Amino acid sequence: MTVRRLVLCMLLLAMLSACGFQLRGSRPDSRLPFSTLYLDAARNTPLERDLRSAILAQDDIKLTTDAKSAQATVHIISEAEERKILTLNAQGQVREFSLLYRLRYEVKEADGKVLLKPSELALQAFMSYSEAQALAKETEQKMIFSDLRSDAINQIIRQMAQLKPTQQVTKPD
């Protein structure tokens with residue numbers, strides 16, 4: 001029975017690799033076309049830490065402490081988390097919230113040329129609410145906003161991977 005399972009698993013893995021499956025970010029065209037970047041964001045915020053980690057996860061990219069010495073600058077213009085009441089029950093108590101995460105950013109080269117004009121990402125999620133579980137729902141809200149922030153960072157990285165800088169960078173293989 002275990003030999004059959006092993007053979008079946010190997011067969012499934014072979015089929016999966018034959019279809020061209022690749023993890024997101026593992027393709028060569030998903031790499032950032034820069035060797036140095038400057039991150040212009042509010043220091044020690046969750047967004048700054050997560051974006052810094054996502055950039056440093058790329059091969060051969062260094063974050064500089066000076067915008068003039070970087071090939072490009074990622075400027076975070078604004079970040080906002082909004083919570084709006086979506087539905088109420090018959091007693092007027094909140095039953096559902098709409099959570100909205102907004103992030104405005106732009107990417108410029110060292111000479112000031114705009115590579116990615118100011119753009120806004122607006123990501124939305126819905127969350128049920130119960131007064132009896134207020135503490136748990138507060139934690140859930142924080143987790144949802146963290147997930148939305150991670151999704152926004154992934155979108156920024158994918159958009160930056162499509163950029164064509166005027167000063168072409170040659171990366172060693």
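Regarding residue 84, is this residue basic (Lys, Arg), in contact with a strand residue (DSSP E or B) (Cβ under 9 Å, 6 or more places away or on another chain) and within 30 Å of residue 35 (Cβ to Cβ)?
Against the criterion (basic (Lys, Arg), in contact with a strand residue (DSSP E or B) (Cβ under 9 Å, 6 or more places away or on another chain) and within 30 Å of residue 35 (Cβ to Cβ)), residue 84 does not qualify.
As a summary of the residue check, residue 22 satisfies the conditions (1) in a loop (DSSP other than H, G, I, E, B); (2) over 27 Å from residue 120 (Cα atoms); (3) at pLDDT 90 or above except for the one numbered (3). Residues in region 138-149 that are surrounded by 13 or more Cβ atoms within 10 Å (Cβ to Cβ) and either among the polar types (S, T, N, Q) or at pLDDT below 95 (or both): 141, 146.
The requirement of being surrounded by 15 or more Cβ atoms within 10 Å (Cβ to Cβ), aromatic (Phe, Trp, Tyr) and out of contact with any His (no Cβ under 6 Å at 6 or more places or on another chain) is satisfied by residue 97.
Residues in region 156-170: is at least one over 22 Å from residue 77 (Cβ atoms), part of a helix (DSSP H, G or I), over 20 Å from the mean Cα position of the chain (by Cα) and not acidic (Asp, Glu)? Scanning region 156-170, I find no residue that is over 22 Å from residue 77 (Cβ atoms), part of a helix (DSSP H, G or I), over 20 Å from the mean Cα position of the chain (by Cα) and not acidic (Asp, Glu), so the answer is no. Checked against the criterion of being closer than 18 Å to residue 48 by Cα and touching a Pro at 6+ places or on another chain (Cβ under 7 Å), region 73-85 has at least one qualifying residue.
The values are calculated or read from the model by the stated rules, or taken from the named source; none is laboratory data. Note that the structure is predicted; figures quoted are calculated from it, not measured. Please note: Cβ atoms are built from the backbone with ideal geometry, for glycine as well, and neighbour counts cover all protein chains shown.
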